[in-house]
Amino acid sequence: MTIKKRLFWSNILMIAVPVVFTALVGVLGHVFAVVLFLIVRSFIRKKCPVCGRFQSGTSHYCAHCGAAMHLQCPDCGEYCADEALFCHACGKRLHDLRR
């Protein structure tokens with residue numbers, strides 16, 4: 001290969017490599033952003049157990065079908081986590097309230 005051809009290809013590579021690298025980083029950055037968005041959204045929003053639509057994490061009832069989003073203790077009325085076996089406020093067993 002002649003010196004002119006080597007210089008030509010080295011100049012092309014000096015331009016092409018940063019462009020390809022920048023494009024690759026940009027695409028991977030967007031993929032990372034989408035994955036991060038989906039993870040964060042799963043903590044903020046909660047899926048209704050009856051109709052399957054997403055609600056805000058603080059909703060006690062589904063805005064679309066009216067189903068309870070959390071268990072409510074029959075003794076004290078406190079809202080408890082869905083996976084809780086006992087009420088965190090009064091200690092009442094919640095297994096009878098399962099859907």
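A few remarks follow.
- Number of positions in segment 1-59 that are assigned to a helix (DSSP H, G or I), of a type in the set (D, E, K, R) and surrounded by 10 or more Cβ atoms within 10 Å (Cβ to Cβ): 2
- When segment 23-66 is filtered for residues that are among the small types (Gly, Ala, Ser) and either farther than 25 Å from Asp82 by Cβ or at pLDDT below 85 (or both), the ones remaining, listed by number, are Ala23, Gly26, Gly29, Ala33, Ser42, Ser56, Gly57, Ser59.
The values are calculated or read from the model by the stated rules, or taken from the named source; none is laboratory data. Just so it is clear, the structure is predicted and the values come from calculations on it, not from any experiment. Every residue, glycine as well, gets a Cβ built from its backbone with ideal geometry; the counts of neighbours run over all protein chains shown.
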